[in-house]
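The values are calculated or read from the model by the stated rules, or taken from the named source; none is laboratory data. Because the structure is predicted, anything quoted here is derived from the model rather than measured. Cβ coordinates were reconstructed from backbone atoms using ideal geometry, including for glycine residues, and neighbour counts include every protein chain displayed.
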Amino acid sequence: MTPIRKTMLAALLLAAAPVYAQQAAGDPKEAHKKIAMCEGCHGIPGYRTAYPDVYPVPKLGGQSAVYLANALNAYKAGQRKHPSMRGIAASLSDKDIADLAAYYAEGHK
Amino acid sequence: MRTLLIAMAALALCGNASAGGNAANGKAISEKVCAACHGLDGAKPVAPENPILAGQYNDYIVKALSDYKSGKRSNPVMKAFAEQLKKKDIEDLAAWFSAQQSNLHFQR
């Protein structure tokens, strides 16, 4: 098997595994009170974070809510390591995360 | 006229200041490696766990793939794929995906 094929197989097997993440339905309207802490970076077009590496913070509008909630939960748990995101995510409740994910996924242009 | 000016300004702003990635090469790699999960042009992933890539910032995609490759960002599936990519492959993929259209957009 080529490495690519092996990886594809691994990906398929993992994809078939049950997903345990509980995704409470978020309320985008509730998020309006909470986005202040996001806007400082994600609310500036093309904003580049400077520490620890320099790169543009990602676009969030229209992104999948499940992906966004998983990202915030991973930062909160310390599995994803950006220092600012870690600090901010640690301050969020499950409900905050669901609301913010719903807000950005809804994506008003 | 005003709309045209705004459109031009917007295009100038989001111009993909790619680090020299070759989008055509990126497309070819993406069809073999990425499309099965993220969709053909990264716009319609097959599962909500997989992010939309089409229209994401070029350098952010480079950063994400580089971190998966190095293990700085851990995801078993993405690590396995990213490990097979050379630096140039990553730049090519970023050039391709960042130039595609999707629902993904800058959101205040």
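Structural remarks
- Restricting the range B:74-101 to residues that are facing chain A (nearest Cβ under 7 Å) and assigned to a loop (DSSP other than H, G, I, E, B) leaves a set whose member that is nearest to B:ILE29 (Cα to Cα) is B:GLN84.
- When each of A:ALA69, A:ALA102 is tested for being at pLDDT 95 or above, within 11 Å of chain B (Cβ to nearest Cβ) and surrounded by 15 or more Cβ atoms within 10 Å (Cβ to Cβ), the lone residue that passes is A:ALA69.
- Residues of the range B:28-50 satisfying the condition of being more than 18 Å from B:ALA82 (Cβ to Cβ), at pLDDT 95 or above and away from chain A (no Cβ under 12 Å): B:ASP41
- Counted residues, the range A:26-39 - those being more than 9 Å from chain B (Cβ to nearest Cβ) and either charged (D, E, K, R) or exposed (fewer than 13 other Cβ atoms within 10 Å of the Cβ) (or both): 7
- The residues in the range B:27-73 that are within 22 Å of A:VAL66 (Cβ to Cβ) and part of a loop (DSSP other than H, G, I, E, B) can be counted, and the count is 21.
- Condition met for B:ALA24 (in a loop (DSSP other than H, G, I, E, B), more than 7 Å from chain A (Cβ to nearest Cβ) and either of a type in the set (A, V, I, L, M) or under 28 Å from A:ILE44 (Cβ atoms) (or both)): no
- Residue count for the range B:1-21, restricted to those that are more than 19 Å from B:ALA64 (Cα to Cα), modelled with pLDDT of 50 or more and part of a loop (DSSP other than H, G, I, E, B): 1.
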